[in-house]
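Trainee: One structure follows; several queries about it will come next.
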Amino acid sequence: MSSSDTWQWDVVVVGASFAGAACALAARKAGLRVCVMERKRDPGLKLHTTGILVKEAAEETTLSRIPASLVRRVEGVRLYAPSLRSLYLQAPDYYFLTTDTGNVMRWLADEMQQAGVDLRLMQSFTDAAPVAANSSDTASAPGWQIEGLGRARWLIGADGAKSRVASRTGLGHVRDFLYGIEYEFADACLREPNALHCFISKRYAPGYIGWAAQNPTGVQFGLAFRHRPSRTGVPDIDGLLMEVGDWLGIDKKTRPSATRAGLIPCGGAVTPLAAPGVILTGDAAGIVSPVTAGGIHSAWRHGWMVGEAIARYMHGGEARPEQIAMQAAPHFRSKRLLRWAYDRFQMDWPFDLLLHSPPLRWAAEQVYFHKRGLRSQN
Ligand SMILES: Cc1cc2nc3c(=O)[nH]c(=O)nc-3n(C[C@H](O)[C@H](O)[C@H](O)COP(=O)(O)OP(=O)(O)OC[C@H]3O[C@@H](n4cnc5c(N)ncnc54)[C@H](O)[C@@H]3O)c2cc1C
């Protein structure tokens with residue numbers, strides 16, 4: 001029996017979002033047989049991301065090919081202290097892209113299908129068991145029998161912060177989260193659309209921030225806090241909207257056209273992140289910045305690296321993909337330290353008092369623009 005008889009798939013990826021699409025496209029580009037299982041019937045529904053892309057993701061990855069009509073360039077950040085005094089920050093040549101996120105997810109699904117990935121919508125991953133290839137198979141390392149699908153040489157968990165792949169295969173779980181909720185206002189316009197608006201407030205956003213952004217089809221207004229078993233309920237997004245809506249130009253009486261919500265890993269990469277024949281990537285692996293909560297670029301980069309590593313190994317390379325996946329996961333050491341400090345010592349008054357001071361401005365620029373040469377105005 002040949003390897004292709006033993007394994008129906010070289011790679012089965014669970015999750016058709018950023019990490020899963022990157023992994024699938026990289027593996028498929030190298031000629032592997034790739035199947036992606038996605039539980040949603042339409043990848044553009046039930047979104048749980050704001051979908052803002054940092055410049056690096058927008059320029060250095062396949063996401064640079066997203067149609068121009070689905071993105072909007074935003075060049076600055078307006079940071080609000082709890083008193084609502086604000087500071088405008090900008091870095092030369094730096095920008096973010098807000099997105100028509102639902103249609104970006106559909107575009108990604110099309111990209112996968114056009115590349116020859118077998119995308120199975122409405123197919124949930126439920127369970128998998130390790131299986132050995134028969135003895136005459138040269139690639140006789142174990143693979144996975146995936147319930148309802150078949151046999152795969154590699155199983156990839158790109159199924160988000162509450163990964164079922166992780167729990168069914170005994171891999172590490174994400175334990176530390178932020179919880180974010182976001183309103184969409186279709187066709188609305190911000191008074192200052194060329195800035196990402198970020199609100200610091202211990203009352204409304206303990207452990208994180210509130211935000212507003214103009215996207216290609218309207219406005220997104222969100223709020224997140226540090227998720228804790230002792231903190232019940234959801235962030236008071238209506239309360240924050242009442243306070244800042246007029247200033248932003250959002251009519252407080254308008255009801256949102258849609259709501260997005262979800263958990264955001266904030267404790268760094270899980271351990272173990274991989275075991276023979278199974279690898280976690282993206283949110284499932286905890287690969288999200290503990291400070292900014294940005295996870296799209298890191299999910300894409302890691303997912304792509306995993307897909308490439310598997311392809312290289314299957315084409316005769318020696319480096320084990322599991323090893324590469326673990327080494328490629330960012331450690332976020334200094335950001336985890338900042339997260340630890342912010343969780344314990346967040347106070348409003350230093351932001352009110354020091355908003356325009358050089359150290360606070362410098363720290364904000366580090367967070368938003370990743371240490372570039374910077375200019376800022378009030
Ligand atoms: C409110 C909010 C706002 C955010 N805003 C930003 C932002 O603006 N910029 C940024 O960079 N990051 C942002 N993030 C983080 C970012 O969205 C994630 O890091 C990123 O989406 C991770 O991608 P992923 O592919 O790993 O997982 P996910 O995007 O979580 O996708 C997981 C996929 O797996 C599918 N799935 C889950 N379980 C199963 C199963 N059992 N079977 C089949 N399919 C399954 C899901 O349906 C989903 O499609 C935000 C997060 C939240 C919650």
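Trainee: Inside segment 257-309, can you point out the residues that are within 10 Å of the ligand (Cβ to nearest atom), part of a helix (DSSP H, G or I) and not aromatic (Phe, Trp, Tyr)?
Mentor: Of everything in segment 257-309, those that are within 10 Å of the ligand (Cβ to nearest atom), part of a helix (DSSP H, G or I) and not aromatic (Phe, Trp, Tyr) turn out to be 282, 283, 284, 285, 296, 297, 298, 299, 302, 303.
Trainee: Is segment 337-356 home to any residue that is under 21 Å from the mean Cα position of the chain (by Cα) and among the small types (Gly, Ala, Ser)?
Mentor: There is no residue in segment 337-356 that is under 21 Å from the mean Cα position of the chain (by Cα) and among the small types (Gly, Ala, Ser).
Trainee: Just name the residue that is nearest to residue 290 (Cα to Cα) out of those in segment 246-266 that are touching a strand residue (DSSP E or B) at 6+ places or on another chain (Cβ under 8 Å) and small (Gly, Ala, Ser).
Mentor: 262
Trainee: How about segment 99-139: which of its residues are within 16 Å of the ligand (Cβ to nearest atom), part of a loop (DSSP other than H, G, I, E, B) and either at pLDDT below 95 or of a type in the set (Val, Ile, Thr) (or both)?
Mentor: Passing the criteria: 117, 126.
Trainee: Quickly run through segment 202-228 and pick out the residues that are assigned to a loop (DSSP other than H, G, I, E, B) and in contact (Cβ under 8 Å) with a residue 24 or more places away in the chain.
Mentor: The answer is 202, 203, 204, 205, 206, 207, 208, 216, 217, 227.
Trainee: Shifting gears a bit: Say we look at segment 19-66 and pick out the residues that are part of a strand (DSSP E or B) and of a type in the set (A, V, I, L, M); which of these is farthest from the chain's Cα centre (by Cα)?
Mentor: Only one residue tops the list, namely 34.
Trainee: Is segment 24-37 home to any residue that is out of contact with any Cys (no Cβ under 8 Å at 6 or more places or on another chain) and at positive phi?
Mentor: Yes, that holds for at least one residue.
Trainee: Report whether or not residue 336 is of a type in the set (Lys, Arg), in contact (Cβ under 8 Å) with a residue 40 or more places away in the chain and at negative phi.
Mentor: yes
Trainee: Now for a different question. Residue by residue through segment 145-183, note down the ones that are touching a Lys or Arg at 6+ places or on another chain (Cβ under 7 Å) and within 11 Å of the ligand (Cβ to nearest atom).
Mentor: Selection gives 178, 182.
Trainee: Does residue 172 satisfy being crowded, with 16+ Cβ neighbours inside 10 Å and in a loop (DSSP other than H, G, I, E, B)?
Mentor: Yes; evaluated as a whole, the condition is true for this residue.
Trainee: State all residues of segment 76-94 that are buried (at least 18 other Cβ atoms within 10 Å of the Cβ) and out of contact with any His (no Cβ under 9 Å at 6 or more places or on another chain); if no residue qualifies, say none.
Mentor: 76, 81, 82, 89, 90, listed by residue number.
Trainee: Does any residue of segment 8-18 turn out to be within 11 Å of the ligand (Cβ to nearest atom), part of a helix (DSSP H, G or I) and at negative phi?
Mentor: Yes - at least one qualifying residue is present in segment 8-18.
The values are calculated or read from the model by the stated rules, or taken from the named source; none is laboratory data. Here the structure is a predicted model, which means the values were calculated and not measured. Cβ coordinates were reconstructed from backbone atoms using ideal geometry, including for glycine residues, and neighbour counts include every protein chain displayed.
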